[in-house]
Structures are given as C-alpha cells and as structure tokens.
Amino acid sequence: MFGKILIANRGEIALRIQRACRELGIPTVAVHSTADSNAMHVRLADESVCIGPPAARDSYLHIPAILSAAAVTGADAIHPGYGFLSENAGFAEMVEAHGLTFIGPSPAHMRTMGDKIAAKAAMASIGVPLVAGSDGALEDVDAARLVADRIGYPVLIKAAAGGGGRGMKVAHSADELEEAWTVARTEARTAFGDDAVYMEKYLDRPRHIELQVMADNYGNVVHFGERDCSLQRRHQKLVEEAGSPALDAAGRDAIGEVVTSGLKKLGYRNAGTLEFLYQDGQFAFIEMNTRLQVEHPVTEMVCNVDLVREQIRIAAGQPLGYAQKDVTFSGHAIECRVTAEDPVTFMPTPGRVELYQPPGGLGVRVDSALYAGYVVPPYYDSMVAKLIVHAPTRDEAIARMRRSLMEFAIQGIKTTIPLHRRIMEAPDFKAGDYTIHWLEEFVGTE
Ligand code: MV4
C-alpha cells in the first residue's frame, strides 16, 4: 500500500479523498493556491504545500508545482479528484515518469476516451450500443450530407475533442447542414485546437443515464449500476439519483453485462463512467469519463461501497474487493448539488459564510468543505456542498431530501438550496417523469 498520497484538488472532493486515505491509514498531502490557505482541505490534511497564486492555471493545473510538492513531501501516489488534471493523459504520464502512481486509469485509456471518435470506436468494438451516426470523422460537408441522408434529420455535428456540451451544432434539415458544419468546425478549432468532427442522429428527448464501473489490474471488472443525471441546466448537473426512475433491475443487468465484459477485453482499469442517452427504452453510448465523478456518492449509498477506497486499493495493485455477484443495490439515493449562486439568476455569489448548519439524521450525508467564517473564493467552481440522502424507496428518499433541505441553513451567501426545495416539490420530479430538457423549462431562464 502507498506510504503517502498527494491529493491534487481542493474543496469537498479533496476532503472526500482524505477521508478514504485516513481510513486506510495513509497520510495525505494537500496542495493549495494562495486563495485557499484557510481551506478545510488544508486544515485537515497531514501536510500541505502552497503551489501558486489563485488562478487555477498557475496552481491546481500547474503540473511542475504539483510534481515538486510530491517530491519534497515524499508522496508516492497522486489522486487527481475530478476536474483540474483528472482527465489529462499527459499529466498521468508525467506522474508515472517521476516514479509515482497515478490513481486512475492508464494514460492510454485516458487518451482514447478523451477523443470522442476513438471512444465510440472502442465501444463499438466491444458491442456497446451507439447513437446512429458517421463511422469516424467527417472529411468534408459532402461526406456529412451522405451520412445525414442515410440516418435522417435532425442530425448533430459534434467535435471529436469536445464534451460537456461544447462544439455541438444541430441541423434540422438539409438546408441547415452547411451552416451547422461550418460553425461546428470553427468552434472545434478555436475551442480545442482540433477541427475533427463527427455526426450523430439528434435525439430530441433523452434521459442522461450513466453507468459506474470499476476494474482492477487483473481483468476483474464490475459495474455499480446507473445514475440518472438528466436534471441539468447548461450542462451543469443539479440533481442526480441512483437508480434511474426509467430503468428496472433487468435493464440495468443487461447494459451492465455488455459493458463489463467489453471493458475486460479493452483492459480498462480503475474507475470509469459510461455516459448514455436513453430514449424509447434504448441505450446509446455518447462518452466515457475516466475519473471519479462529482455524483459518485449516490452510487456509494445504494451499493454500500467506498469507491475512492477501491480506486486507491486497485492503484496499489490489490484486486477488486467485489465480484459482480457481491454488488447489491439497496434502496434509492438522491444528490442535490448546492452552489454559491443566486437561485433565480444563477449569478455566482462568492463571499463570507456567516452561518453553516448542515442537516443530519438517518440516511443523510453532506460532502462539503464549508464552515462558518469561510470565505468562498471567486476563482473556482461554485459548488459548495453536496447533500445526499438514502432511503428504502424513491418516495421516501424524496421526503428525506425535502426535510434535509428544510434543515440546511447557509447564511451570508446566496445558494441554490431554495431551488432544490422547489424541484423536490415538482409533480414531474416526484413522478420521475423528466428528460435532459425538463429543468431548463422548470427554471425558465434559458
Ligand atoms: C446528444 C444529444 C442529443 N442527441 N447527442 C451534450 C453534452 C455531451 N455530453 C453530449 N450532449 C448531447 N448529445 C445526440 N446524438 C443531446 C445532448 C445534450 C445533453 C446530453 C446529456 C446531458 C445534458 C444535455 C443537454 C443538452 C444536450
């Protein structure tokens, strides 16, 4: 097992990783910018190193500073968390070149999945269902027209280097194709420095359902079921649940079997998430994330597993602690992402937290790095707390989330807690009747 782990992140996820390390008896090193000297992840770490000024590119994204911090503290492994360097294959390679262990997948798998065209080809090769579309990158607009005529309009042109919603253009009919082509290419080139694009049939009312997987270095692959992440606004998720209201155990087992047997063939290791669009009872793979995700706690609650602990054990060369038959699903979990934003306009609201009173009781978990007196800095992601509840049924989980949101008091800064209270009261949400478009209509701020 590792002697010391450096956590290359901040906020609640840095704390989450520290907690797993501490339970495994592994000392931790926190890194932080000058804006985070008083942050909870620094206070609770065994050691900390200041790695630069507030701007992320000069601190949490500054690879030489992070590698130096690992060297001077004698850390032998790095956990990247989510965001920042977590999906940077070059960083993972440099970590290994310095004789350290990157707690995550191999750099080669990270690189493949970072290229959406290569990721789809890999999934096609193992029988994972895809959205109908082009076979790889499109050469020119004539090639695009041929594919669109074959699969039928509306179509979506997507950047190979894209993801998270950037570099996508819809063409509803043949006369919109050339314009969509040109705009998508230009956006792809300016945003990612890579103008490779591909085409998919545009699905108009899908759910976003993702599957959590974990693999060790010995060919053992398991899945921990699905999360429904359809409740999003401008590609920012607000609420996630496990399982999906749209899926039953048979549906979960079926997609899980295809994915786990396929990833075994690909030699994938550590944590991963396959993102699907789900419409009319059909799964269609769109992207794979090669990191621990923000919403991993809902999976942990229904499977009674510590995913970060498993990531660390696997990276240290230990075998998976679970065969698929040991993975059980119990009850229902919901997560609300609380951000330091105005609940109506979504303008960021950094500032001093005057009062912090998190909820508690049976089946309630709060992953947060907030404390009374903390000043939320303006430089980073606005998420300040994840409120996760677990209960025997979905209805009971909603009731538990409602009462937890009533108890949750944060004063001094505005947060999205009032919006979450409204969502939990919405009849469509209670019925589980929503797609990726529902929340944007509900908040009416498109
Ligand atoms: C799509 C789609 C409809 N049809 N692909 C957006 C982000 C990126 N991960 C993929 N995205 C989409 N791809 C096809 N063929 C609709 C979206 C999409 C979306 C997907 C998941 C969650 C939220 C979304 C919001 C808008 C559009």
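The values are calculated or read from the model by the stated rules, or taken from the named source; none is laboratory data. Quantities reported herein were computed from a predicted structural model and do not represent experimental measurements. Counting neighbours? That spans all protein chains shown, and the Cβs are built from the backbone with ideal geometry, glycine included. Keep in mind that these areas ignore ligands, DNA and RNA; they rest on the heavy atoms of the full protein, side chains included. Shrake-Rupley method; radii C 1.70, N 1.55, O 1.52, S 1.80 Å.
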Gap separating the Cα centres of segment 137-152 and segment 213-260, nearest whole Å = 31
task = For the chain, report the accessible area per residue in Å² (1.4 Å probe, heavy atoms, rounded to an integer).
result = 39
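Counting only protein chains, not ligands or nucleic acids, how are S86, S48, S125 ordered by accessible area (probe 1.4 Å), most first? Let's see the in-between values first.
Numbers: S86 5, S48 60, S125 85 Å².
If we order S86, S48, S125 from most to least accessible, we get S125, S48, S86.
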note = Expressed as a percent, the accessible surface of segment 265-344 that is carbon or sulfur, using a 1.4 Å probe and the full set of protein chains, is 45
request  = Determine the gain in length on full extension of the stretch E139-D175; use 0.36 nm per residue of separation and subtract their C-alpha separation, reporting nm with one decimal.
outcome  = 11.1 nm
ask   = What accessible area, in Å² to the nearest ten, does a 1.4 Å probe give for I413?
value = 20
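With loop defined by DSSP as not H, G, I, E or B, and exposure as at most 13 other Cβ atoms within 10 Å, which is the longest segment of the chain clear of exposed chymotrypsin sites (Phe, Trp or Tyr not before Pro)? All intermediate terms of the calculation are to be shown ahead of the outcome.
On the way: sites that count: Y218, Y371.
Here the longest segment lacking exposed loop sites spans 1-217.
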note = Net charge near A426 (other residues with Cβ under 12 Å of its Cβ; Lys, Arg +1; Asp, Glu -1) is 0
Filtered trypsin sites (Lys or Arg not before Pro), segment 178-240: DSSP coil and at most 14 other beta carbons within 10 Å = R234
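Leaving ligands, DNA and RNA out of it, rank T416, T328, T112 by accessible area with a 1.4 Å probe, largest first.
Numbers: T416 5, T328 85, T112 50 Å².
Reading off the accessible areas and sorting them downward yields T328, T112, T416.
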request  = Could you work out how far the C-alpha centroid of segment 415-446 sits from that of segment 380-398, in angstrom?
outcome  = 14
inquiry  = For a quick check of understanding: with a 1.4 angstrom probe and all protein chains in place, what accessible area in square angstrom does M1 have, to the nearest ten?
reply    = 110
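What percent does the relative contact order of segment 306-435 come to when contacts are Cα pairs within less than 8 Å and at least six residues apart?
Working: 205 pairs, mean separation 39.5, N = 130.
Across segment 306-435, relative contact order equals 30 percent.
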query = How high is the relative contact order of the chain, given as a whole-number percent (alpha carbon pairs under 8 Å, six or more residues apart)?
reply = 14
ask   = How many lysine pairs are close in the chain, with Cα atoms under 21 Å apart and the two 8 or more places apart or on different chains?
value = 23
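Quote the relative contact order of segment 297-360 in percent (integer), defining contacts as alpha-carbon pairs under 8 Å separated by 6+ residues.
Numbers: 33 pairs, mean separation 18.6, N = 64.
Once normalised by length, the contact order is 29 percent.
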task = May I ask for the distance between the Cα centers of segment 12-59 and segment 303-361, given as a whole number of Å?
result = 17
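Hey, if we sort D395, D135 by accessible area with the 1.4 Å probe, largest down, what's the order?
Numbers: D395 110, D135 155 Å².
Putting D395, D135 in descending order of accessible area: D135, D395.
May I ask for the net charge around P105, where only other residues with Cβ less than 9 Å from the Cβ of P105 are counted and Lys, Arg are +1 while Asp, Glu are -1?
On the way: positive: R269, R291; negative: none.
Neighbour charge sum, excluding P105 itself: +2.
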query = So how exposed is L203, as accessible area in Å² (1.4 Å probe, rounded to 10)?
reply = 40
